[in-house]
1. Could you state the accessible area per residue of the chain in Å², with a 1.4 Å probe and every protein chain left in place?
2. If we count every other residue with Cβ under 12 angstrom of VAL37's Cβ, Lys/Arg +1 and Asp/Glu -1, where does the sum land?
3. Would you mind checking which residues have amide H under 5 Å from ASP279's amide H? H placed 1.01 Å from N; only 5 or more apart, or other chain.
4. Using amide H atoms built in the peptide plane, which far-off residues or other-chain residues are under 5 Å from GLY219 H to H?
5. Two decimals is fine: what is log10 I(q)/I(0) at q = 0.14, 0.16, 0.24 Å⁻¹ for segment 297-355, from a Debye sum with one equal scatterer on every Cα and no solvent?
6. Count of lysine pairs in segment 90-249 with Cα atoms under 15 Å apart, counting only pairs 8 or more residues apart in sequence or on different chains?
7. Are there any trypsin sites (Lys or Arg not before Pro) in segment 261-339 that are in a DSSP loop and have at most 14 other Cβ atoms within 10 Å? List them by number.
8. Set the bar at 22 Å for Cα to Cα. Now go through LYS70/LYS289; LYS81/LYS340; LYS75/LYS349 and name every pair that lies beyond it.
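The values are calculated or read from the model by the stated rules, or taken from the named source; none is laboratory data. This is a predicted model, so every value here is computed, not measured. Positions of Cβ are generated from backbone atoms using ideal geometry, with glycine treated the same way; all protein chains shown enter the neighbour counts. Just so you know, the surface numbers come from the protein's heavy atoms only, side chains and all, with ligands and any DNA or RNA stripped out. Shrake-Rupley method; radii C 1.70, N 1.55, O 1.52, S 1.80 Å.
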Amino acid sequence: MGKMTVLSLLGLGLAFFRDPWSSYQTRFNVFREVEPVELPNCNFVKGIEAGSEDLEILSNGLVFVSSGLKYPGLKSFEHDKPGKILLMDLNEEEPTVLELRIIGSKFDLSSFNPHGISTFTDEDNTVYLLVVNHPDFKSTVELFKFQEEEKSLLHLKTIRHKLLPNMNDIVAVGPEHFYATNDHYFLDPFLKSWELYLGLAWSNVVYYSPNEVQMVADGYDFANGINISPDGKYVYVAELMAHKIHVYEKHANWTLTPLKHLDFNTLVDNISVDPVTGDLWVGCHPNGKKIFFYDPKNPPPSEVLRIQDILSEEPKVTVVYAENGTVLQGSTVASVYKGKLLIGTVFHKALYCEL
């Protein structure tokens, strides 16, 4: 079993149940109620009904959206359908989505279960889309080439590695080079659930390239979103259950050195980085209990944070949007383009607002 035996895991479980409040209540933020923060002129994105867990906005305003995630323990409104990658154009007056065709004889569309996504644009302006995929609840990275004229994704490669067993999110630093978060240590579903509820901080960040794969950071209570600064010097990692965002300095050999972390009163999910200002935009779950234990009568709320000057002594943190779940359930990601904000969710709709 690696780090511990079943007996020691059960011992931890007994300790947990003796003092449930200090662990469960704090990590899941079970009593957090949302103070609404509204934005003018918000509209649902037509065509997104079953999730927009992650999204990537290109410099020309085109957006890739990861939709239809099936994740153990989380709600799905399309559990019987494969996931898909959607395309939007934020230059349109009322953006709608188009499902991108996936081309490639070796790719199994029926088991497509997309999670975190990231893009890399080559010197010749070729756009590569890297997608964390969970076919049969395993973990792979699917490498696609975006074919804009044909509105399709050409499947180039499937990446698997023993150091990437439980991937959540990914940030591309080359066509086949990336950092990825593993949100769990264990592979077994039973042990995974214990790991989550006991708060075993064993998840990690891995750097992958075709020539070298190495774990570059660990000790997280559910490593989640990951992204990189516009100048490529710093890597940001969201630690969901500890309510933290970690800042690392990236070195030439791809290793990471911890610089600082920020604490929040919310469960931080995916991180988007404004390519112009370097601001971080974070999709959050104010109340973790509601996202993991779905109740349609008491749905999970949504929250979007903006973090300015994260490297400074006193970064500015602003709640840009907050809502109790009656409009938008379970926000996971937020990103900006020309004064507009796009907010995605794990299994619900997507919202497009004016800032």
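1. 45 Å²
2. Here the count lands on -3.
3. Distant-sequence amide H within range of ASP279: ASP274.
4. Answer set, sorted by chain and number: SER203.
5. Cα-only, vacuum Debye calculation for segment 297-355: -0.42, -0.53, -0.96.
6. Lysine pairs, 8 or more places apart or on different chains, close enough: 5.
7. LYS297, LYS338
8. Over 22 Å apart, Cα to Cα: LYS81/LYS340.
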